[in-house]
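Nothing in this text is a laboratory measurement; each read-out follows from the coordinates by a stated rule. What you see is a predicted model, and the numbers here were worked out from it, not measured in a lab. Glycine gets a Cβ as well: all are built from the backbone with ideal geometry, and neighbour counts include every protein chain shown.
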Amino acid sequence: MKKIGIVDTTFARYDMAKSAIDEIKKTGTGFKIVRCTVPGIKDLPVAAKKLFEFEKCDIVMAFGMPGKEPVDKTCAHESSLGLIQVQLLTNKHIIEVFVHEDEAKNDKELVFLADRRSREHAVNCYNMIFKPAVLIKNAGKGLRQGFEDVGALKEE
Amino acid sequence: MKKIGIVDTTFARYDMAKSAIDEIKKTGTGFKIVRCTVPGIKDLPVAAKKLFEFEKCDIVMAFGMPGKEPVDKTCAHESSLGLIQVQLLTNKHIIEVFVHEDEAKNDKELVFLADRRSREHAVNCYNMIFKPAVLIKNAGKGLRQGFEDVGALKEE
Amino acid sequence: MKKIGIVDTTFARYDMAKSAIDEIKKTGTGFKIVRCTVPGIKDLPVAAKKLFEFEKCDIVMAFGMPGKEPVDKTCAHESSLGLIQVQLLTNKHIIEVFVHEDEAKNDKELVFLADRRSREHAVNCYNMIFKPAVLIKNAGKGLRQGFEDVGALKEE
Amino acid sequence: MKKIGIVDTTFARYDMAKSAIDEIKKTGTGFKIVRCTVPGIKDLPVAAKKLFEFEKCDIVMAFGMPGKEPVDKTCAHESSLGLIQVQLLTNKHIIEVFVHEDEAKNDKELVFLADRRSREHAVNCYNMIFKPAVLIKNAGKGLRQGFEDVGALKEE
Amino acid sequence: MKKIGIVDTTFARYDMAKSAIDEIKKTGTGFKIVRCTVPGIKDLPVAAKKLFEFEKCDIVMAFGMPGKEPVDKTCAHESSLGLIQVQLLTNKHIIEVFVHEDEAKNDKELVFLADRRSREHAVNCYNMIFKPAVLIKNAGKGLRQGFEDVGALKEE
């Protein structure tokens, strides 16, 4: 039985974790889910580390929705650096699922993007622990989570 | 009995720690507070670490008020990276409460913002150690500390 | 028998690892290759670390293809910092092979660049473990991987 | 008997350490001073660490004077990150005293600033090891080192 | 007998290590030199660490020549952060000798700058291990490596 950690924020404007949990349960079995929520994006790294060390998670998904201001971009950057450090300290993967508010042109698209990116990364998460060969098969294919895949470059 | 650490600066222009201490005492019981003050925002990380390691704090609130200049933004960024590192080294949360001078349009608003953000994060701090389920309930709700909550995205 | 690790992404739009594996096999013998693939560029660092620690690789090649947006540049930066940390934690080299989408003026050139940089770095990788003296001989020669070498400065 | 470490650079254009040593000796007693000098600002972190580990210093003051160019700002940023890391590795404070050349409008003002900031931080340094309560009393007072204090915000 | 490590790149367009080795041999005796070369500037940190840990070097000089593009600046920044980390992990100094291509107005000046900076830092390197008091004597003197010293600020 594998254990998947989920950590998200009260700052985000969409419950991405809910989408991801829904999708991952549709994708397969053989895992339990542990969830915690923190105020903001910079609180994610230690929360993820605790999920690995105290809850013995095998992988963690970390959800955040940075705003449009420069300070929001800086916070996301700091959080990402922290999430990478956690991975190096634990030898476990964290699937970072950040949706920037300015990636979408309106609220409706933002909802679409947040939901779909969460679901597609939930499948990545599942494959990373149960079917890593699926990822190798897709190496260099230009996959994207949320909007359409851009695809592999045409070779001629 | 839990122990809450408070660290702030002589650089800040408002005693945010005082607001937070007042609010957290109104919010609940079952904790002691330990406070220390450092000159500037970059002195916060090691001060927070010492509160965890020498004072055995369970959580720390770190207060700072970066100025408007690029160098102030850089200092805040460096401090935030240090605060994240401290969390990873101690497996404890630090609630970072930074109020940027240019977030407010005048001194009066800055006072309002500094006071209210400190109080709202004091409640977050309390919930993180005593009532973590409150945070999960608010996941993805677009909460903000200081100004109004932006709220969750409308789903259609 | 040496062991060369290969890690790449499903985000990249060209299978650079394939080019590198092809080239390194033409360059010499005495090594085995282990490959894994992750979703994005920020997933590379821990994947590389696991190749060193669990697969006992002697060197790793890490492939990524950052997009044109500022957020892509930030992701590449974060990944590079992580890759450096992995090297310091393991005392092993990682050959980072990143091709930025905006380095090429069209898709055709991007394919050329991705293929050739991967191949030239595959030779670097081989030399670093088997023939380090070749690198010393080329010190300060203005070598580039992908586009033409710029060459050493004329001394008068 | 406490031990105060001093580290500065040959790059700086003013002997800030001299000002600080003069001031700290006027401020109190009960300490010894150990000094070392390095070429540039990026050499400060390990020099500070060695003062803690080999000289058993209780606190270190680190002096630097970054130039006006972007590369100088980057060097200062890298040094600051290193100085924070040293603090976290040693659980000791480093008082960073950086004076940016472009903070002053001419050389005369730069001399004034470098001297006064060094002296005011020397007092901070003294208080941090001997009188930490003085800092708590000044929390949120808008203190600055060098130019005039901006002071606390008026509350109404 | 001290041991001085030298690490440089095939990316650089001038053999700065050669200049430094020539100069350091003119400066004094009592040391051995160990050299290694890597492809690019981001490969320097772990190479330096290996020189300390496997070759038992007492100090390392790290040479790089970043190009003019933003991506080159980012690489140099990442490398510098790594070099600082290596110093903190080993308690040894690394003299970073980076010459940015855009520091010089043409190739001829770039050759001059690369040669002279390498030589002047070679002397710094020698002094740091054999004559540290020389550095203290020059504290705050506005020394530069390569172009002319800017000198200390006039005090009146």
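Please find, among B:Val99, B:Val123, B:Val134, B:Val60, the residue that is free of Cβ contacts under 8 Å to residues at least 12 places away in the same chain, aliphatic (A, V, I, L, M) and within 13 Å of chain A (Cβ to nearest Cβ). Please lay out each step first, then the result.
Numbers: B:Val99 fails: free of Cβ contacts under 8 Å to residues at least 12 places away in the same chain; B:Val123 fails: free of Cβ contacts under 8 Å to residues at least 12 places away in the same chain; B:Val60 fails: free of Cβ contacts under 8 Å to residues at least 12 places away in the same chain.
Going through B:Val99, B:Val123, B:Val134, B:Val60 in turn, just one is free of Cβ contacts under 8 Å to residues at least 12 places away in the same chain, aliphatic (A, V, I, L, M) and within 13 Å of chain A (Cβ to nearest Cβ): B:Val134.
Sort out which residues of the range A:137-147 are within 21 Å of A:Asp22 (Cα to Cα) and either more than 9 Å from every other protein chain (Cβ to nearest Cβ) or aliphatic (A, V, I, L, M) (or both), and write them in order of number.
First pass over the range A:137-147, keeping only residues within 21 Å of A:Asp22 (Cα to Cα): A:144-147.
Passing the criteria: A:Gly146, A:Phe147.
Filter the range B:56-90 for residues that are in contact with a Gly (Cβ under 6 Å, 6 or more places away or on another chain) and outside any helix (DSSP H, G or I); which is surrounded by the most Cβ atoms within 10 Å (Cβ to Cβ)? It would help to see each step written out before you state the result.
Quick first cut of the range B:56-90, residues in contact with a Gly (Cβ under 6 Å, 6 or more places away or on another chain) only: B:57, B:60, B:84.
Restricting the remaining residues to those that are outside any helix (DSSP H, G or I) gives B:57, B:60.
Working: B:Cys57: 25, B:Val60: 30.
Of everything passing the filter in the range B:56-90, B:Val60 is surrounded by the most Cβ atoms within 10 Å (Cβ to Cβ).
Against the definition (among the charged types (D, E, K, R) and within 10 Å of another protein chain (Cβ to nearest Cβ)), how does E:Asp107 come out, yes or no? Working first, answer last.
On the way: among the charged types (D, E, K, R): yes; within 10 Å of another protein chain (Cβ to nearest Cβ): yes.
Yes, satisfied.
I'm trying to understand the selection: among the residues of the range D:16-47, which are assigned to a strand (DSSP E or B) and in contact with a helix residue (DSSP H, G or I) (Cβ under 8 Å, 6 or more places away or on another chain)? Lay out the reasoning, then the answer.
As a first pass, look at the range D:16-47 and keep what is assigned to a strand (DSSP E or B): D:31-38.
Once the filter is applied, which keeps residues that are assigned to a strand (DSSP E or B) and in contact with a helix residue (DSSP H, G or I) (Cβ under 8 Å, 6 or more places away or on another chain), the range D:16-47 yields D:Phe31, D:Ile33, D:Val34, D:Arg35, D:Cys36, D:Thr37, D:Val38.
Looking only at the range B:4-33, how many residues end up being within 14 Å of chain D (Cβ to nearest Cβ), of a type in the set (Val, Ile, Thr) and surrounded by fewer than 24 Cβ atoms within 10 Å (Cβ to Cβ)? I'd like the intermediate steps shown before the answer.
Step one: of the range B:4-33, the residues within 14 Å of chain D (Cβ to nearest Cβ) are B:5-22, B:33.
Subset that is of a type in the set (Val, Ile, Thr): B:6-7, B:9-10, B:21, B:33.
Subsequent filtering for residues that are surrounded by fewer than 24 Cβ atoms within 10 Å (Cβ to Cβ) retains B:21, B:33.
Number of matching residues: 2.
Is the range D:7-24 home to any residue that is of a type outside the set (D, E, K, R), within 18 Å of B:Asp43 (Cα to Cα) and touching a strand residue (DSSP E or B) at 6+ places or on another chain (Cβ under 9 Å)? Walk me through it before giving the result.
Going through the range D:7-24, the residues of a type outside the set (D, E, K, R) turn out to be D:7, D:9-12, D:14, D:16-17, D:19-21, D:24.
Next, from what is left, pick out any that are within 18 Å of B:Asp43 (Cα to Cα): D:7.
Right, trim to touching a strand residue (DSSP E or B) at 6+ places or on another chain (Cβ under 9 Å) and you get D:7.
Scanning the range D:7-24, I find at least one residue that is of a type outside the set (D, E, K, R), within 18 Å of B:Asp43 (Cα to Cα) and touching a strand residue (DSSP E or B) at 6+ places or on another chain (Cβ under 9 Å), so the answer is yes.
Considering only residues of the range D:41-86 that are touching a strand residue (DSSP E or B) at 6+ places or on another chain (Cβ under 9 Å) and among the polar types (S, T, N, Q), which is nearest to E:Cys75 (Cα to Cα)?
Of everything passing the filter in the range D:41-86, D:Ser79 is nearest to E:Cys75 (Cα to Cα).
Among the residues of the range D:105-145, which ones are assigned to a loop (DSSP other than H, G, I, E, B) and in contact with a Phe, Trp or Tyr (Cβ under 8 Å, 6 or more places away or on another chain)?
Looking only at the range D:105-145, we keep the residues that are assigned to a loop (DSSP other than H, G, I, E, B), and these are D:105-106, D:131, D:138-145.
If the condition is that a residue be assigned to a loop (DSSP other than H, G, I, E, B) and in contact with a Phe, Trp or Tyr (Cβ under 8 Å, 6 or more places away or on another chain), then D:Gly140, D:Gly142, D:Leu143, D:Arg144 are the ones that fit.
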